[in-house]
Amino acid sequence: MADVNRGNRPLSPHLTIYRPQMTSMTSIFVRLTGNALLVAALMIVWWLLAAASGPGAFAVADGFMRSWFGDLVMVLSLWAVWYHLLGGLRHLVWDTGRGLDLKSAYAMGYVMIGGSLVLTLLTIIVL
Amino acid sequence: MAFLTDRKRAEGLGSARTGTAHFWSMTVSSVALLILIPLFIFTFGAVLGQPYEAVVAYYARPVPALIAGLTLIVGFHHFKGGAQVLIEDYVHGLAKHIAILAVTFISYAAMAAGVYALIRLAL
């Protein structure tokens, strides 16, 4: 009979144990941004449905979308989507077995932070 | 406890053997979104803020409508897979199953609603 000593075994350290590091924080933010984008996505679906329904419904959805709250969600989501995209790109690089050393992980992390801000500003300027 | 066999204790705790399929599905959709998301940002961004008539006319055109439709379908597929892993990491027991069902239903409902709207706009 193996291992009767259940529940008393050493566990792998978890989030609450680790000191926050740039590599872990950039990774956590990829998950955070990806899931938070649901809000903007549902707002866009509502906006499209309203446009398909007629001018009255569109005025309501479009008014919400262009209110200060809608603007705030859209600008934050714009940054979130660029950040998540760069984070995904980092995963695709890692999946090929490249860039797994600490130096490259840090470099790509800084590219994600800086790149997402630059892309967000560029998008706002262009649009 | 001493009467349980090793097999009985281990059953149901191992890999479901679908991890690779999940990983590959996320990889394929992420590459697709790498192309679709910039296209969607600049097409949707260009028309957001325009009057009703301009929005309807814009999404009646094939290219903006196809970009929006593909982005919604692939995007919500990708969201469903990612949110499922988030739930599996932090929620356990019955709540986990309910949360995964909810995420799946929301994803397909939003996908269908968006595509329906685009078809109405196109026709």
Exercise. Out of region A:85-107, which residues are assigned to a helix (DSSP H, G or I) and either facing chain B (nearest Cβ under 9 Å) or among the hydroxyl-bearing types (Ser, Thr, Tyr) (or both)?
Worked result: A:Leu85, A:Gly88, A:Leu89, A:His91, A:Leu92, A:Asp95, A:Ser104, A:Tyr106
Exercise. Within the set of pairs 6+ apart or on separate chains, which have a first residue in region B:1-27 that is away from chain A (no Cβ under 11 Å), a second that is surrounded by 10 or more Cβ atoms within 10 Å (Cβ to Cβ), and C-beta atoms under 9 Å apart?
Worked result: B:His22/B:Gly81; B:His22/B:Gln84; B:His22/B:Val85; B:Ser25/B:His77; B:Ser25/B:His78; B:Ser25/B:Gly81
Problem set entry | Wholly within region B:38-123, helices (runs of 4 or more DSSP H) carrying at least 3 residues that are more than 7 Å from chain A (Cβ to nearest Cβ) and at pLDDT below 95 | B:62-90
Exercise. Does at least one position in region B:104-114 carry a residue that is over 14 Å from the mean Cα position of the chain (by Cα) and within 16 Å of A:Leu42 (Cβ to Cβ)?
Worked result: no
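The values are calculated or read from the model by the stated rules, or taken from the named source; none is laboratory data. In this text, all values refer to a predicted model and were calculated from it rather than measured experimentally. No Cβ is skipped: glycine too gets one built from the backbone with ideal geometry, and neighbour counts run over all protein chains shown.
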